[in-house]
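For reference, the structure is listed below as structure tokens.
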Amino acid sequence: MVLTRGQNAGKTATRKASTPVPTKTSKMDTQTSRNRAKVASSDGKAAGQQDGPATPGLRERLLSLPVELFAEICSFLDAFELRQLSLTDETFWSILVSAKSDPIWRQAFKQVVPPMPECPETMSCPEYAEFLLVESCMSCHVVSPSVSFDLFHRVRYCETCHSRNVISKHAVLELFPDFPVRFLKYLSSEAVSSDGTSLAASRRRRKGSTGEYLKVTVVEVYELWKSLSKPGSSKPASTRLRVRLQKYAESRIKTGMKMADWQIGLAAWKVEQRAKLQKERRAAILSKLIDLGYHEVDFPRWDPEVNKSAALTDEEWERIQSAVVAAAKSKKDDRIANEARKREMERSRALNPLWNQVVVAASGTRAVYTAEKVACSDFDEFLTFAPIAALMAADTDGIPAQTLDPLRPGALQFVIQLRRRHLVGLRNILDGLPLDHIDEEEWSSLTDEETIAKLDTIAAHITKAGNAFWHPNRKQVDWYPSDYLASRQIDLSMLSPVESLSPGLVAKMLEIIGKDTNTESAAVTSTCSGRDVDLYRCARCDERVAPYLTFNKMVSHFLEKKVWFDKASEAREKKLTESSRSKDPKWHSILFNDHDWNLERAMMVLDDSRKKEWVRDLQIQFAATYGNDPSDRVGGVFTTIGSNKSTGQALQRPARRICRLCPEGFSPKVKLGSGSIRGTAVIAHYSALTAFTANVPCYVEDSCPAHPL
């Protein structure tokens, strides 16, 4: 009975003495048992090998000792070791589970680190040891992470056994409808301590249960209550039962809290021991790696085999040596490579003073332009200069300054040649000459100073605002020395002069903003911090979709329109010819380019905040007018290519339409890929093609809202 001392401890001890219970133990228990079995067997084997009468083994010698001496030997064992000893033999089991063995167990409890709490009065010492020291389920003996302790009920169950033996309040009342509810508060393991700490199984605490009761205890209390409630029983008997239950709960709480504190201390001690074993293992492995020629920094400290919490034996090292050495070798190779890169960076930094000096010298009077200084050379290309490459190839920690002084004249010549190649190439593009054309007679007789002065003259010429360059892949106009054209990464063969593609365009746009073609391009395209960049609105575009652009973007805008109309005219001529199977006059294919800068119409206007707000209102109205297609809407709100608040971009909807008349790679208003047009932009696209007539089909994937089919 749970309310009596020891739960018939004497009968239990006698039963266990006759038939040992097979109990699954932890790894620590199993290892200790095996060690003791080896000692006994080896001792017996050694005794059997002697000549003459058989010598008693360790087991026989221990059993032949007086009880007091046997108890004295056992006093040196802790509770874990003593329990393992009891499992090695039936005779030891019968001795150590008897009631007379309690003093031995109590001494063993003190030997544990940290010392175990005293055995509760209602438990025998062997029962107490089995409850706290075994990790398997006390019902089915399974070892599983689901096994957890309930320190109030003093049970240790897995998930399955817990659900079978521990029930809720609702289950109690279903089992015994007349069970006194006032008794339940003394039988629950939930939040029973004075500070609110629960003694329930940790798994159940995580699940947030509100009350759990051991089924066997509930049955026992119910039967006891029924026996006291028989006719003729006095009322104080039920009161005495409540007092007994209260003392029972207080005792369980008191001892359970001590057990909980001990389990926390034991877990901390195990962590400390594992950390100690891990540290010793790491030190041993590091020592062996150093003996093999590796450095301390090559130690693979995060390798799983290194971080195990186990002693490093010779057999263990033989098993893991190849993997650990491979990890250390990998770290060593990485370390050597990193050290080589650091030395290379040191040599590169040592070359920076020489690099800066020769670049400034080669830039001449135009060294004030940061972008143009970059154009003089590229540091990576400078490293290919033979003497410099030889210094970089030498695996040294740095380069002495005195070593660089003799290289200065040659380095200056190298950078001058790079600057000449770049500037002359840009001049050749403007003059319509081959990119690599260089008249050596023009340069052969010049000194370094004269060469630099001549390059300054070329640079001053090509940096005029009238000398703009067009890059077809980027579809953008740039001037030298912008960051882009000054970069050594640019492919000069892709550039072409804007003047050859659109004669008079740049000159007319410069005239509109009050500049001439001899103005420095930096005065037109500068985007230095602290200076607001002027934005312009295209006056030829529909105000409802007109973008706001910088000067160079505006030039690109008009130039791209011209290229598109030329390509579109060619495509339309081809389509009309194929459809009529005859060669129609060419004028049938010509589209009207409303962005022709030769027309006597305004080209662009300067950005104005009030005008921009007005245009933004127009764009909102435009979106509302053509935004009635449910399949083209996203959340009921129109967006723009950049942001909802952007008025400098064309409006868009998620629907895609492909114009089959547009040349591949060209799309007006928005750049969304190969001829793709989104949403309302398609309306502006077709409204611009004023030469279309009703008898010309519209080649789009979806129906066009602006052009008749």
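The values are calculated or read from the model by the stated rules, or taken from the named source; none is laboratory data. Not measured: the values here are computed from a predicted model. Here the Cβ is made from the backbone with ideal geometry for all residues, glycine too, and neighbour counts use every protein chain on show. To get the accessible areas, we keep the full protein, side chains included, count just its heavy atoms, and leave off ligands, DNA and RNA. Shrake-Rupley method; radii C 1.70, N 1.55, O 1.52, S 1.80 Å.
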Practice prompt. Return yes when LYS276 is out of contact with any Leu (no Cβ under 8 Å at 6 or more places or on another chain) and either acidic (Asp, Glu) or closer than 26 Å to PRO114 by Cα (or both) and no when it is not.
Written response: yes
Worksheet item: For segment 372-465, which helices (runs of 4 or more DSSP H) that fit wholly inside it have 2 or more residues that are over 27 Å from ASP491 (Cα atoms)?
Response: 386-393, 401-404, 408-431, 448-462
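Name every residue in segment 167-178 that is in a loop (DSSP other than H, G, I, E, B) and either modelled with pLDDT of 90 or more or of a type in the set (Asp, Glu) (or both), in order of residue number.
Initially, segment 167-178 is screened for residues in a loop (DSSP other than H, G, I, E, B), giving 168, 176-178.
Of everything in segment 167-178, those that are in a loop (DSSP other than H, G, I, E, B) and either modelled with pLDDT of 90 or more or of a type in the set (Asp, Glu) (or both) turn out to be PHE176, PRO177, ASP178.
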Item to complete: Considering only segment 161-182, state which residues are touching a strand residue (DSSP E or B) at 6+ places or on another chain (Cβ under 7 Å) and open to solvent by less than 30 Å² (accessible area, probe 1.4 Å).
Response: VAL166, ILE167, VAL172
Worksheet item: Any idea how many residues of segment 449-472 are over 51 Å from the mean Cα position of the chain (by Cα) and aromatic (Phe, Trp, Tyr)?
Response: 0
Discussion item. Please pick out the residue among LEU312, LEU289, LEU351 that is open to solvent by less than 60 Å² (accessible area, probe 1.4 Å), in contact (Cβ under 8 Å) with a residue 24 or more places away in the chain, more than 30 Å from THR396 (Cβ to Cβ) and of a type in the set (A, V, I, L, M, F, W, C).
Written reply: LEU312
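Inspect segment 256-278 for any residue being within 35 Å of the chain's Cα centre (by Cα), surrounded by 15 or more Cβ atoms within 10 Å (Cβ to Cβ) and farther than 22 Å from PHE152 by Cα and give the result as yes or no. Outline the logic, then answer.
So in segment 256-278, the residues within 35 Å of the chain's Cα centre (by Cα) come out as 264, 267-278.
Okay, now just the ones that are also surrounded by 15 or more Cβ atoms within 10 Å (Cβ to Cβ), so 277-278.
Next, only the ones that are farther than 22 Å from PHE152 by Cα stay: 277-278.
Yes, there is a match, as at least one residue in segment 256-278 is within 35 Å of the chain's Cα centre (by Cα), surrounded by 15 or more Cβ atoms within 10 Å (Cβ to Cβ) and farther than 22 Å from PHE152 by Cα.
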Discussion item. Among (1) within 44 Å of the chain's Cα centre (by Cα); (2) open to solvent by 60 Å² or more (accessible area, probe 1.4 Å), there is one condition LYS226 misses while meeting the rest; what is its number?
Written reply: (1)
Discussion item. I'd like the full set of residues that are surrounded by fewer than 22 Cβ atoms within 10 Å (Cβ to Cβ), at pLDDT 90 or above and part of a loop (DSSP other than H, G, I, E, B), limited to segment 102-122.
Written reply: VAL112, PRO114, PRO115, PRO117, GLU118, CYS119, PRO120
Practice prompt. Please list, ordered by first then second residue, the pairs with beta carbon atoms under 8 Å, 6 or more apart or interchain, first in segment 323-337 and closer than 14 Å to GLU305 by Cβ, second among the acidic types (Asp, Glu) and assigned to a helix (DSSP H, G or I).
Written response: ALA328/ASP298
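Just give me the residues in segment 71-87 being crowded, with 16+ Cβ neighbours inside 10 Å and either closer than 19 Å to GLU127 by Cβ or not small (Gly, Ala, Ser) (or both), in sequence order.
Let us first name the residues in segment 71-87 that are crowded, with 16+ Cβ neighbours inside 10 Å, namely 71, 74, 77-87.
Across segment 71-87, the qualifying residues are CYS74, LEU77, ASP78, ALA79, PHE80, GLU81, LEU82, ARG83, GLN84, LEU85, SER86, LEU87.
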Item to complete: Select from segment 141-160 the residues that are crowded, with 18+ Cβ neighbours inside 10 Å and not in a loop (DSSP other than H, G, I, E, B) and list them in ascending order.
Response: SER148, PHE149, ASP150, VAL155, ARG156, TYR157
Worksheet, complete the sentence: The correct count of residues that are open to solvent by less than 20 Å² (accessible area, probe 1.4 Å), part of a helix (DSSP H, G or I) and in contact (Cβ under 8 Å) with a residue 60 or more places away in the chain in segment 477-518 is 5
Response to the item:
Taking segment 434-462 and keeping residues closer than 12 Å to ARG419 by Cβ and loosely packed, with under 15 Cβ neighbours inside 10 Å leaves ASP448
Fill in: Checking SER188 against (1) modelled with pLDDT of 85 or more; (2) more than 44 Å from the chain's Cα centre (by Cα); (3) more than 19 Å from PHE131 (Cβ to Cβ), the condition it does not meet
(1)
Fill in: Single condition ALA523 does not satisfy, out of (1) at pLDDT below 85; (2) under 28 Å from ASP596 (Cβ atoms); (3) surrounded by 14 or more Cβ atoms within 10 Å (Cβ to Cβ); (4) aliphatic (A, V, I, L, M)
(3)
Worksheet item: Do we have any residue at all in segment 124-140 that's assigned to a loop (DSSP other than H, G, I, E, B), out of contact with any Asp or Glu (no Cβ under 7 Å at 6 or more places or on another chain), open to solvent by 10 Å² or more (accessible area, probe 1.4 Å) and more than 22 Å from VAL97 (Cα to Cα)?
Response: no
Practice prompt. Only residues that are under 22 Å from GLY398 (Cβ atoms) and modelled with pLDDT of 85 or more: list them for segment 354-381, please.
Written response: LEU354, TRP355, ASN356, GLN357, VAL358, VAL359
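Could you list, in sequence order, all residues of segment 460-475 that are of a type outside the set (Ser, Thr, Tyr) and in contact with a strand residue (DSSP E or B) (Cβ under 8 Å, 6 or more places away or on another chain)? If you could, list the steps in order and put the result at the bottom.
Going through segment 460-475, the residues of a type outside the set (Ser, Thr, Tyr) turn out to be 460-462, 464-475.
Scanning segment 460-475 gives LYS464, ALA465, ASN467, ALA468, PHE469, TRP470, HIS471, PRO472.
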